[in-house]
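Student: One structure follows; several queries about it will come next.
The values are calculated or read from the model by the stated rules, or taken from the named source; none is laboratory data. Not measured: the values here are computed from a predicted model. We place every Cβ from the backbone using ideal geometry, glycine too, and count neighbours over all the protein chains shown.
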Amino acid sequence: MRYHLRTALARVRELFRGRDRMAAEQQEEFALHIEMETAENVRRGMTEADARRAALVRFGGAQRYHEETIEARGIASVDNIVRDARFALRRVRRAPGFSAAVTITLGIGLGVAVGIGSIVYGVLLRDLPYDRPDQLVRVGFLTNGAAPGDDVHPSVTYYHFALSSRSFSALSEYIISEDYNLTDGDTPERVTIASISPNTLTMLGARPILGSLLEQGDTSYSNPRSAILISERLWRRRYGADPSIISRRLEINRGSRRVVGVLPASFAYPAPSVDIFYPATVPVKQPQISARGYVVVGRLRDGVTPATAAAELNALLPRISDRFPTITREMLERSGARVSVTPLKAATVAPVRPQLILLGVLVGVVLLIATTNVVNLFLLRTERGSQETAIALSLGASRLALTQRFVIEGVVLGLASTVVALPAAALALSTKFGFTEREIPRLHEVSFTPSTIALVVACAVVLGGAMGLIGLTRTGLSGLFDRLRAARSTPSRAWRRAQDGLVAFQVAIALLLLVATGLLGRSFWNLHNAKIGFEPGQAMTFQVSLPWGEDGYVSYAKSASFHARFVDRLTALPGVTSVAIASRIPLAGHGRTASLDLQSGDDQSRGSVQAPGNCVTANYFSTMGIPLRAGRTFQSGDLRGAPAVILSERLATRIFGTSDVVGRIVNALVQNEPPRPFTVVGIVGDVRSERIEDGEVPMLYFPLQRDVDGLGEEARPVPVRPMDVQYVVRGAQLPSPVTLQHVLKEMDHRVPATSIASYADLFANATARVRLTMLLIAVAGVSALLLAVIGVYSVVAYAVSGRVREFSIRLALGAAPGRIGGMVFGDGFKLVTLGMVAGLAAAFGATRFLRALLYEVEPTSAVEFAVATALLILVTLVATFVPARRAARIPPATVLRGD
Amino acid sequence: MAKPTSNEQVLQGTLDLLILKTLSLAPMHGWGLTHRIEQLSQDVLQVGQGSIYPALVRLEQRGWIDTEWRVTENSRRAKYYRLTTAGRRALGQELASWNRFVGAVGLVLAAEADA
C-alpha cells in the first residue's frame, strides 16, 4: 500500500516537473552515456567514427529506451487519460440507452441524496452558528405531568439560578410572542417578538449592523430609553434600510418603543422569524411556579459538563424557598420539580430527530438503489463486452491501461450524471420538500451553496470511478483463456452469484419500504378520518390582535364592543352566514392561551386540574359544528354573579368525575388569591386542538359577550382577555383578505387581520407531516419495487439467453416445454424468496423506528406485512413468468442454427 | 539489441539485484554502472546498456535509489544514482531470495539418478 502511494506520488511529482524538462534530462543522460562508451572504445583503440557507431549499437535504439523509460515513469498513462476519455465518450454515444439509464438513475439518486443529506447534516450534525457552541446548553424546568418538550421556566427559577448558580458564565432567557402589531405608517403589520435577557446578545456574540445592543438596565419598565432592537429583515422590508431608524420610536400596539440597534439577518436566534427584540423583564413580585414560559439557555463555564451543571441546579432548586418563602419546599416536591441541562443543539433538534434519521436512512436507500441498479447495468454491459476486452488483452493491451479505461468510462458517466444531479439537489434544497423551520428547527441554515456543487461533483466522480472498477472485476483480467473459449455459452458462476445477490438485496429493500409505506399510509388514513370533534368544511379563519395602551382595548368591555361591531360588519357582507370568535381554535397552531388551575366548587377533596381557557362567542359551537351535549350555550347576562362557563366533556369528567354537572360551580385557583367561582351552564364535545395525533384536549370556555352585561367599563369578569382572537367565518361566499383589511382599517387603522387561511388548509397542514413522510417513503418504495422487478426480470432473462443452447438440446431430446419453463421460473423465484425473507426480517426489526410517525397503527401490523409481501410476490411472478415462457418456447432447431 | 557474443545475457529479473548491489558499493552514473557490472563479472555479464535506464527509473519510483545531478571527474554534468536506506533493505531481501534460488537450483542439479 505504502509502495503504491509512493509510486503514485512520484508520478504526480514528475507530472508537475514537466514532460519536456524530463525528456531533455533523459536525452542528456543518454548522450553522456554514449559519449563515455565512445571514449572507452577509443581508449581500446578504435577510430573515433567506429567507436561511436559501436557505442550506439551497444546502447540499442535510443528512441525505444527513451519511450520505455518514459513509460516506466507512468507518464504515458497520464497522457492516455485524454485519449481514454475520448474513447469513453464515443462508447457513451454508441450506447445511448445504457448511458441515459445510468446518467438518469445515478443523477436522481445522487441529487436527492446530496439534497436530503445536506438537510440532515445541516440540522442534526453541524455546529450551531455561535461562538463556542459546545458550551451552550438549554436548561429545562420539568414538573410531573408536563407535556414532553414543555421544559420552560417560571420567572422565579430563572431569577434564582441566574443569581446563585456558578456553573454558567451566562444564563439567559427568552419568550417569543406572535401577537404584537406594528401600528405606524399606513398598514399595520403583525410582527414576531422575542423578549430576551440582554446578556443573550453578549453570550452568543451578536454584533449589531447599526446602533448598539440592549443593556442590562433596559429591562426596567421605568427606563426612559424603552429600547428595542429590530432585525435586518424588518429594517429592510418596512423601513427601506433607512439608517436614521436608530433612535426612532416605533408605534406598537403594546406601546411605543425606541430602536437602539439593528441585528444582522445572520443572527437567527431564538428563531429566524423574530422581527423585534425586547429587553425581557423577569417579574418576581408575585412569585409563582405554575406561571411558566421562559426558555432558559446558558453558557457553561470552561470545564463544566451538562451533568455537573444539572447536579448543581438540582441542589440549588429547594433553596428557592429561602429567596421566595411563598414557594414552599413541599410545593416543589409535590409537583416533582427538577432541572435538566441538555446541549443546545440536541435540545433544538430533539423534536425532529426521528424524522430526520428516517430521512437520512432514505438517503442511503435511494443512493443504494440507484447504485445497485447502475452497477447491475455496468455488469451486464461488461459481460457483453468481455470478449472485446479479452481480445484487447491478448493483443497486448496492458492491464493498467485497461483499468484506466474502465475507470475513466465510469468517471465520464458519473460526470454526465451531474447534469441531472445538480438540478435535483438544487430543487431538493430550495423546496426543502415543503418543510419550513416551523417544522424543522435550523432549516433556514441549510441552502444550496458552491460546496454543494463540489460535493455533487466529487460524489459523481468517486461513484462513477468505483462503478468502473466494479465493472472491471468482470473483465477478462483473469481467466482470459476460459473467456475466449466460453464465448457464448453460460455466464460464469461468480458473475451470476454477484447479480443474484444484488437482485435479492433489491427485493429485500423494496419489501422493507413497501411495508413502511403501508404503515404510514394507514396512519395518514387514520389521521384523516380521526374524530376531530368539529366540522372543518367551508370556513375561513383569521387572527385579530387589538392594541394595548391608553387608547387601546385592554378592558373586556372595549374588546367586546370592538368585536361586536366587527362581527356585525362581517355578517352584513353578502354570502356570510355566521361569524364566531374564540381565543384559540383547533388546529390553527397559534393563539395559545395560558392554562388555568381548576377545581370542583363543591367537592374540594378532588385535586385541581390544568386546562386552557378559551373565550368564545355564543355561536362558536354551532359555527364550528361542536355538539352541545347538555345545558345551553352562552346568553346575555352570563357575566353577572359567578360568570357562566361551558366545559368540554373530558374536562367535566376530570374535574367532577362525571359529565352531568350543569349548574354546578367550578373554581379557578390563582396562587395567593381567593378562588374565583364560575357556573357551569353547558357541556360540549371534545375537540383535537393542537395536532390531530395529540388527541382531544380538555377545554374550558368563557363567554365573549357583546358587552359586559352592565358590570362597568373596567370589569374583568373572566381571566382571559379577548384581545388576541381568532375569527371563524362560514358562508357560501367568504370575504376576500382585501375586504377584511379594508373593513378593519375603517374601524381602527392599527388593527390588521393576520394568518388568513381556509379551514381546509389548516386541516391539510395538520396532517402534512405524516403525509409528507409517507410520500417520501412511498416514492422510495415504489422506485425500489420497480428496480427490483427490472432486476429480477433482467437476471432471469439473461440466464435464459445464456442457456438457449442447453434448452434447445433438452427440447430436442424430448423434454416437455412446461418443465423447461418451470425450471427457469423456479430459479427466478428462489431469488425472490431469498430477498423476501431478508426483507421481512429487516422490516420486522426496522419499522419500530417509525413509531414516532405512526398513528393508531402497530409497527408490526400483520396487514401491512401481508399486503406488501403479496404485492411483491405478484409483480415478481410476472417478472419471472415472461422469460420463463420464452424459454419454454425456444424452437429446438435453434441449436442447429446457432454458433 | 546488442547481440550476445561469448558473453551471457543478464538473466531477466536479476538486473535489479545487480544494480542495487553495484550501487551499494558507491554512487555512480548510468554508464559507470553498466561498465562496473561488466567489470565485476569479469566481462561475463553483458548489460543491455540502454535497458539499464528503465530499470533505474523503476527502482527510483520504488524509493530504493535516489538521483542527483553532479559533475564527473572530467567536469561533465551527469546524473548519479545512490542507494537509499529502503534500497539497502531491499538489497538484503533480494540477495536472500537469490541465494535461496541458486541453492535450490544447485540442489536439483546435484541430484543423482536413483535406481
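Student: Do we have A:V718 as crowded, with 18+ Cβ neighbours inside 10 Å and not hydroxyl-bearing (S, T, Y) here? Working first, answer last.
Tutor: Details: crowded, with 18+ Cβ neighbours inside 10 Å: yes; not hydroxyl-bearing (S, T, Y): yes.
Yes; evaluated as a whole, the condition is true for this residue.
Student: Can I ask one more? Name every residue in the range B:71-83 that is free of Cβ contacts under 8 Å to residues at least 40 places away in the same chain and assigned to a strand (DSSP E or B), in order of residue number. Before you say what the answer is, go through the steps one by one.
Tutor: Going residue by residue through the range B:71-83, those that are free of Cβ contacts under 8 Å to residues at least 40 places away in the same chain are B:71, B:73-77.
If the condition is that a residue be free of Cβ contacts under 8 Å to residues at least 40 places away in the same chain and assigned to a strand (DSSP E or B), then B:V71, B:R77 are the ones that fit.
Student: I need the full set of residues from the range B:17-70 which are among the β-branched types (V, I, T), under 21 Å from A:E25 (Cα atoms) and in contact with an Asp or Glu (Cβ under 7 Å, 6 or more places away or on another chain), in order please.
Tutor: In the first step, residues of the range B:17-70 are kept if they are among the β-branched types (V, I, T); the result is B:19, B:22, B:34, B:37, B:44, B:47, B:52, B:57, B:65, B:67.
Imposing the further condition that a residue be under 21 Å from A:E25 (Cα atoms) reduces the set to B:19, B:34, B:52, B:57, B:65, B:67.
Matches in the range B:17-70: B:T67 only.
Student: Of the residues in the range B:16-27, how many are within 14 Å of chain A (Cβ to nearest Cβ) and crowded, with 19+ Cβ neighbours inside 10 Å? Working first, answer last.
Tutor: Of the residues in the range B:16-27, the ones within 14 Å of chain A (Cβ to nearest Cβ) are B:16, B:19.
Now drop any that are not crowded, with 19+ Cβ neighbours inside 10 Å, which leaves B:19.
Residues that pass the stated criteria total 1.
Student: Hey, any hits in the range B:91-107 for a residue that's at pLDDT 85 or above, in contact with a strand residue (DSSP E or B) (Cβ under 9 Å, 6 or more places away or on another chain) and either within 12 Å of chain A (Cβ to nearest Cβ) or under 14 Å from B:I19 (Cα atoms) (or both)?
Tutor: Looking for residues that are at pLDDT 85 or above, in contact with a strand residue (DSSP E or B) (Cβ under 9 Å, 6 or more places away or on another chain) and either within 12 Å of chain A (Cβ to nearest Cβ) or under 14 Å from B:I19 (Cα atoms) (or both), one finds at least one in the range B:91-107, hence yes.
Student: Please pick out the residue among A:E439, A:E383, A:E409 that is modelled with pLDDT under 80, closer than 19 Å to A:A88 by Cβ and among the acidic types (D, E).
Tutor: On the way: A:E439 fails: closer than 19 Å to A:A88 by Cβ; A:E409 fails: modelled with pLDDT under 80.
When all the criteria are applied, what remains is A:E383.
Student: Checking B:G30 against (1) farther than 20 Å from A:E40 by Cβ; (2) at pLDDT 80 or above; (3) within 13 Å of another protein chain (Cβ to nearest Cβ): exactly one of these is not met. Which one?
Tutor: (1)
Student: Name the residues in the range B:69-90 that are under 19 Å from the mean Cα position of the chain (by Cα), surrounded by 14 or more Cβ atoms within 10 Å (Cβ to Cβ) and within 14 Å of chain A (Cβ to nearest Cβ), would you? Full working, then the answer.
Tutor: Just the residues of the range B:69-90 that are under 19 Å from the mean Cα position of the chain (by Cα), to begin with: B:79-90.
Applying the additional criterion that residues be surrounded by 14 or more Cβ atoms within 10 Å (Cβ to Cβ) yields B:79-84, B:86-87, B:90.
Within the range B:69-90, B:K79, B:Y80, B:Y81, B:T84, B:A86, B:G87, B:A90 qualify.
Student: Further, regarding this structure: Taking the conditions exactly as written (assigned to a loop (DSSP other than H, G, I, E, B) and modelled with pLDDT under 85), does B:D16 satisfy them or not? Even if it seems obvious, please write down each step before you answer.
Tutor: Numbers: assigned to a loop (DSSP other than H, G, I, E, B): no; modelled with pLDDT under 85: yes.
Spelling it out, it is not the case that B:D16 is assigned to a loop (DSSP other than H, G, I, E, B) and modelled with pLDDT under 85.
Student: Do you know which of the residues in the range A:159-195 that are assigned to a strand (DSSP E or B) and of a type in the set (D, E, K, R) is surrounded by the most Cβ atoms within 10 Å (Cβ to Cβ)?
Tutor: Here is the first cut: in the range A:159-195, the ones assigned to a strand (DSSP E or B) are A:168-182, A:189-195.
After this cut, where a residue has to be of a type in the set (D, E, K, R) as well, the list is A:173, A:178-179, A:189-190.
On the way: A:E173: 26, A:E178: 18, A:D179: 21, A:E189: 16, A:R190: 18.
Result: A:E173.
Student: Could you tell me which of the residues A:V779, A:V795 is free of Cβ contacts under 8 Å to residues at least 60 places away in the same chain and more than 23 Å from A:V616 (Cα to Cα)?
Tutor: Details: A:V795 fails: free of Cβ contacts under 8 Å to residues at least 60 places away in the same chain.
Residue meeting the stated conditions: A:V779.
Student: Applying the selection to the range A:30-52, what residues are out of contact with any helix residue (DSSP H, G or I) (no Cβ under 6 Å at 6 or more places or on another chain), within 14 Å of another protein chain (Cβ to nearest Cβ) and part of a helix (DSSP H, G or I)?
Tutor: Of everything in the range A:30-52, those that are out of contact with any helix residue (DSSP H, G or I) (no Cβ under 6 Å at 6 or more places or on another chain), within 14 Å of another protein chain (Cβ to nearest Cβ) and part of a helix (DSSP H, G or I) turn out to be A:A31, A:L32, A:E35, A:A39, A:E40, A:R43.
Student: Need pairs with beta-carbon distance below 6 Å; first residue more than 7 Å from chain A (Cβ to nearest Cβ) and within the range B:49-68, second basic (K, R); sequence gap 6+ or separate chains.
Tutor: Close Cβ pairs satisfying both conditions: B:D66/B:R82; B:T67/B:K79.
Student: Just to be sure, is A:E14 facing another protein chain (nearest Cβ under 8 Å), in a helix (DSSP H, G or I) and modelled with pLDDT under 85? Lay out the reasoning, then the answer.
Tutor: Details: facing another protein chain (nearest Cβ under 8 Å): no; in a helix (DSSP H, G or I): yes; modelled with pLDDT under 85: yes.
In short, no.
Student: Looking at this structure, is A:A55 touching a Ser or Thr at 6+ places or on another chain (Cβ under 8 Å), within 14 Å of another protein chain (Cβ to nearest Cβ) and modelled with pLDDT of 75 or more?
Tutor: On the way: touching a Ser or Thr at 6+ places or on another chain (Cβ under 8 Å): yes; within 14 Å of another protein chain (Cβ to nearest Cβ): yes; modelled with pLDDT of 75 or more: yes.
Here the answer is yes, as A:A55 does meet what is asked.
Student: Here is a follow-up. Among the residues of the range A:302-322, what is the count of those that are in contact with a helix residue (DSSP H, G or I) (Cβ under 8 Å, 6 or more places away or on another chain) and either within 14 Å of A:S165 (Cα to Cα) or of a type in the set (F, W, Y) (or both)?
Tutor: Residues flagged as in contact with a helix residue (DSSP H, G or I) (Cβ under 8 Å, 6 or more places away or on another chain) and either within 14 Å of A:S165 (Cα to Cα) or of a type in the set (F, W, Y) (or both) within the range A:302-322 amount to 6.
Student: Given the conditions (1) modelled with pLDDT of 70 or more; (2) surrounded by 17 or more Cβ atoms within 10 Å (Cβ to Cβ); (3) within 11 Å of another protein chain (Cβ to nearest Cβ), and given that A:A72 satisfies all but one, which numbered condition is not satisfied?
Tutor: Status for A:A72: all satisfied but (1).
Student: Of the conditions (1) in a helix (DSSP H, G or I); (2) within 32 Å of the chain's Cα centre (by Cα), A:I532 clears all except one; give me its number.
Tutor: Failing condition for A:I532: (1).
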